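Worksheet for the structure shown next.
The values are calculated or read from the model by the stated rules, or taken from the named source; none is laboratory data. None of the values given here were measured: they were computed from a predicted structure. Cβ: placed from backbone, ideal geometry, glycine included. Neighbour counts: every protein chain shown.
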Amino acid sequence: MTNDSVKLDILKLDAWFGDKQALKGISLRIKPKTVTAVIGPSGCGKSTFIRCINRMHELTPGNKVAGTILLDGADIYNDMDSMDVRRKVGMVFQKPNPFPNMSIADNVVAGLKLIDAADKKELEEMAKENLKAVGLWKEVENDLKKSGASLSGGQQQRLCIARALAMRPEIILMDEPTSALDPASTAKIEELVKALKTETTVIIITHNVQQAARISDMTAFFYLGELIEYDETRSIFESPKSPLTERYITGRFG
């Protein structure tokens, strides 16, 4: 893989919660406009990994990070301001978190209002554009002034993705975005994730190995804070190199 085909270059990444080491020497390269699934049992460091990528891990007192993360060749810890990193690297959490005191439309453009001087008309157009991008516009176009919290769980999650997309991120991190959703809502999010890679790079944590197989180009398997295997998803699922990986994806783990 040549350097110009690398969006994110992670080199010997370590992370700690106080004295407890959560990540141990993680190194991998992520290509632009791909979907990378991060799989592994609970407590193996998956969420810590993506929180390091948008510099959220450091927000908790006592947490530490070592190693290097390069975004388009720039070191996100030494060459970039943390707010610039978070504008370029969006996050969608496991539990949908729309702002309950804001309307559906205002939820989408909440971040833009903080950093942009767009007028009301422009903000309305951007809200519409991003609601369309997540397949939510037809469902809410007559209810834009209602609270974002009035939507169903699946709709709320798509609203949160629209809010992240409105910031025009180069990378979107997703921490088990469908774990609390019904099958129909999960299918919509999965289709959305596959569509997003035409414009952005997606890293998604999932406990559902079938989901990883369905939607990702690359898969990383974590265990006890270490990266056990990282390869094209088809290779991981059809011919894993590590016995640990094979046990996990076939459900014979533990």
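For (1) modelled with pLDDT of 95 or more; (2) small (G, A, S); (3) more than 14 Å from I203 (Cα to Cα), each residue gets a yes or a no:
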site	(1), (2), (3)
G18	no, yes, yes
A37	yes, yes, no
G43	no, yes, yes
G67	yes, yes, yes
S82	no, yes, yes
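Residues that are at positive phi and small (G, A, S) were ranked within the stretch 3-26; the one that is surrounded by the most Cβ atoms within 10 Å (Cβ to Cβ) is G25. On inspection, M102 passes the criterion of being touching a residue at least 12 places away in the same chain (Cβ under 8 Å) and farther than 24 Å from A195 by Cβ. The set of residues in the stretch 133-170 being out of contact with any strand residue (DSSP E or B) (no Cβ under 8 Å at 6 or more places or on another chain) and either aliphatic (A, V, I, L, M) or within 23 Å of P32 (Cα to Cα) (or both) consists of A133, V134, L136, V140, A149, L151, R158, L159, A162, R163, A166, R168.
Scan G251, G225 and give me the residue that is on the phi > 0 side of the Ramachandran plot and touching a strand residue (DSSP E or B) at 6+ places or on another chain (Cβ under 8 Å). Steps first, please.
Details: G251 fails: touching a strand residue (DSSP E or B) at 6+ places or on another chain (Cβ under 8 Å).
The match here is G225.
If you go through the stretch 37-85 and keep only what is polar (S, T, N, Q) and either surrounded by 13 or more Cβ atoms within 10 Å (Cβ to Cβ) or over 19 Å from the mean Cα position of the chain (by Cα) (or both), you end up with S47, T48, N54, T60, N63, T68, N78, S82. Sub-8 Å Cβ pairs linking a first residue in the stretch 208-236 that is more than 27 Å from W16 (Cα to Cα) and of a type in the set (D, E, K, R) to a second residue that is at pLDDT 95 or above and part of a strand (DSSP E or B), at least 6 apart or interchain, are D217/V35; D217/T36; D217/E232; E232/M218; E232/T219, ordered by first then second residue. Does the stretch 105-112 include one or more residues that are modelled with pLDDT of 90 or more, assigned to a helix (DSSP H, G or I), closer than 30 Å to L8 by Cα and out of contact with any Ser or Thr (no Cβ under 7 Å at 6 or more places or on another chain)? Yes, that holds for at least one residue. Entry remark, the stretch 88-128: residues being acidic (D, E) and either within 30 Å of G73 (Cβ to Cβ) or crowded, with 17+ Cβ neighbours inside 10 Å (or both) number 2 in total. Tell me whether the stretch 135-150 contains one or more residues that are crowded, with 21+ Cβ neighbours inside 10 Å and under 14 Å from the mean Cα position of the chain (by Cα). Within the stretch 135-150, none of the residues are crowded, with 21+ Cβ neighbours inside 10 Å and under 14 Å from the mean Cα position of the chain (by Cα). Just one of (1) without any contact (Cβ under 8 Å) to a residue 60 or more places away in the chain; (2) under 25 Å from S216 (Cα atoms) fails for G67. It is (2). Between K145, K120, K138, K132, the distinction of being under 20 Å from P177 (Cβ atoms) and free of Cβ contacts under 8 Å to residues at least 60 places away in the same chain belongs to K132 only. Scan the stretch 169-184 for residues that are surrounded by fewer than 24 Cβ atoms within 10 Å (Cβ to Cβ), of a type in the set (A, V, I, L, M) and either under 21 Å from L112 (Cβ atoms) or touching a Lys or Arg at 6+ places or on another chain (Cβ under 8 Å) (or both) and the total you get is 2.
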